[in-house]
Amino acid sequence: MSNKIKILTLSDHPLSPSGVGTQTKYVIEALLNTGRYSVISLGGAIKHENYQAVVVDPYGEDWKIIPVDGYGTQEQIRSVLRTEKIDVIWIMTDPRFWGWLWAMENEIRPLCPIVYYHVWDNYPYPMFNKQYYTCNDHIATISKVSDDIVKTVAPEVPSTYIPHAVNGDIFTSLSAEEVETLRNKHLAEEDREKVIFFWNNRNARRKQSGSLIHWFKDFLDKYDLHEKAQLIMHTDPKDPHGQDLEHIIQHLGLTNHRQVLFSTRKIAPQELAVLYNMVDCTINISDAEGFGLATLESLSCGTPIIVNMTGGLQEQVTDGKEWFGMGLNPTSKAIIGSQDVPYIYEDRTSKEQLISALNKMFHMSREQRRKMGLKGRSHVLNNYNFETFNKQWVQLMDEIVEKHGSWDNRKEYNGIYFGEVA
């Protein structure tokens with residue numbers, strides 16, 4: 001019988017390309033590579049062909065993924081928790097998806113601790129989340145914004161800032177000569193001398209995909225650049241959660257000179273790194289963004305970025321002294337909300353801001369853009385590197401196991417709360 005520490009992870013499927021899935025995979029691999037942990041993952045948030053549990057190479061039985069609808073059910077948690085005698089439950093994404101899990105806190109936490117990797121996009125301080133934060137034994141935060149929010153809303157809950165990271169050995173910067181060779185090999189002849197802007201996101205409402213296309217056309221019109229600049233969008237233009245992007249480019253006449261192209265094929269990280277190197281700038285103007293993994297990957301490849309100054313994007317584009325692209329301060333901060341999220345800022349940039357940033361980036365020389373991007377790579381390697389990310393997670397989980405225990409040696413939890421009755 002294995003004496004390894006058993007972790008149950010709940011998140012997007014850890015082999016899916018989403019930011020949540022990717023970061024989950026990184027955390028799991030860091031733990032498994034110690035040889036002291038085994039992991040069972042409930043892989044959610046995607047459509048499954050079947051629901052057979054699979055083991056992941058090269059870890060074999062130490063990493064098993066169980067496909068689930070949504071993020072799982074209470075019955076599935078009860079079953080896995082007791083059948084596998086789980087030592088720690090680890091969850092990731094924003095709180096809206098975990099109410100059902102925290103509702104059974106009184107069943108889970110007497111047996112093992114819950115560690116939450118918290119995703120939250122913006123202020124005002126979400127005091128309505130306090131009830132959720134206090135259901136966890138420890139909260140790790142993905143950005144400086146989310147870290148400040150947790151420490152303010154629930155200071156009694158231990159928390160640790162562990163920002164997202166990228167593998168700098170995969171997302172690496174190629175030489176100018178290598179980039180030139182790649183552009184000549186992979187780009188159509190009429191595109192090789194264009195300044196190419198790149199957008200790598202899900203085609204969803206908050207990502208502002210339709211606005212980007214319209215404003216990119218206005219940029220081309222204003223400066224007569226229809227044959228000199230190009231936008232490549234790595235996304236599903238027919239995503240049911242977004243706009244019909246193919247219709248938009250046809251309607252705007254952006255196909256005559258290949259002004260906007262779609263990259264729709266799922267590609268490996270190594271291929272994605274090649275794309276980041278081939279383009280001149282990566283854009284993200286989302287109105288809400290917990291972190292924004294694509295722009296971090298771009299900077300790691302030495303390619304500068306244009307971003308809305310919201311969520312985690314703002315700590316990527318500048319370290320407070322140097323700029324690694326162009327940050328667009330929101331021109332409007334509307335309070336929006338729903339039944340689950342009563343209030344949160346929605347940060348919107350403007351057409352004029354984006355066009356100005358595109359124009360400035362366009363008129364930089366390739367050497368200037370490269371210099372800016374390489375400073376960004378240094379920023380990533382110093383603050384969001386893979387080695388530190390892995391060490392932080394292993395150290396934190398070791399401390400959680402030692403401090404809190406599980407099952408027969410469970411500590412630091414008694415489930416008793418005292419309150420004043422009016």
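Normalised by the residues of the chain, what does the relative contact order come to in percent, with Cα pairs under 8 Å and at least six apart?
15 percent
Angle check, please: helix 386-404 long axis (alpha carbons) against the longest principal axis of the chain (alpha carbons), in degrees 0 to 90, nearest 10.
Helix 386-404 sits at roughly 20 degrees to that axis.
So who's got an amide H within less than 5 Å of the one on N201, skipping anything under 5 residues away but keeping other chains? H placed 1.01 Å off N, in plane.
HN-HN under 5 Å from N201: H234.
Want the number for N382 to M309: 0.36 nm per residue separation, take away the alpha-carbon distance, what's left?
Contour length minus the Cα-Cα distance gives 24.2 nm.
Can you pull a Stokes-Einstein diffusion coefficient for the stretch 176-382 at 4 °C (1.567 mPa s), Rh from Kirkwood over Cα pairs, as a whole number of µm²/s?
Rounded, D is 75 µm²/s.
Counting DSSP beta bridges in the chain, what percent are antiparallel, to the nearest 5?
Taking every DSSP beta bridge within the chain, about 15 percent pair in antiparallel fashion.
Please report, in cubic angstrom per residue, the volume enclosed by the convex hull of the alpha-carbon atoms of the stretch 290-345.
It comes to 83 Å³ per residue, whole-number rounded.
For the pair T152/S79, report the inter-label distance in nm, with labels modelled 7 Å from Cα in the Cβ direction.
4.2 nm
Please report, to two decimal places, log10 I(q)/I(0) for the stretch 314-358 at q = 0.19, 0.32 Å⁻¹ as given by the Debye formula with identical point scatterers on the Cα atoms and no solvent.
The Debye formula, applied to the Cα set alone, gives -0.73, -1.05.
Using packing as a proxy for protection, rank 198-208, 319-329 so that the peptide with the highest average count of other Cβ atoms within 10 Å comes first.
198-208, 319-329
Just report the Cα centroid separation between the stretch 146-176 and the stretch 233-267, whole Å.
For the stretch 146-176 versus the stretch 233-267, the Cα centre distance is 31 Å.
What is the Cα centroid distance between the stretch 357-379 and the stretch 276-305, reported in whole angstrom?
Between the Cα centre of the stretch 357-379 and that of the stretch 276-305, the gap is 12 Å.
From Cα pairs below 8 angstrom and at least 6 apart in sequence, can you work out the relative contact order of the stretch 176-382, rounded to a whole percent?
Dividing the mean separation by the residue count of the stretch 176-382 yields 19 percent.
Direction-averaged shadow area of the convex hull around the Cα atoms of the chain, nm²?
Projected area, direction-averaged: 22.1 nm².
Take the residue pairs K4/K403; K194/K321; K207/K375; K25/K266 and return only those whose Cα atoms are more than 24 Å apart.
K194/K321; K207/K375
Taking the Cα atoms only, what angle lies between the long axis of helix 19-32 and the longest principal axis of the chain, rounded to 10 degrees?
50 degrees
When the Kirkwood radius is taken over all Cα pairs of the stretch 240-292, what Stokes-Einstein diffusion coefficient follows at 10 °C and 1.306 mPa s, in µm²/s?
This corresponds to a translational diffusion coefficient of 115 µm²/s.
Specify the angular offset, from 0 to 90 degrees and rounded to the nearest 10, of the alpha carbon long axis of helix 366-383 from the longest principal axis of the alpha carbons in the chain.
Rounded to the nearest ten degrees, it is 10.
Quick check on the stretch 176-382: of the DSSP beta bridges with both residues there, what percent are antiparallel, nearest 5%?
Antiparallel: roughly 25 percent of the beta bridges in the stretch 176-382.
Read-outs: derived from the displayed coordinates by stated rules, not from any lab. Model, not experiment: these values are computed from the prediction. With ideal geometry, Cβ positions are generated from the backbone for all residues, glycine too; neighbour counts draw on all protein chains shown.
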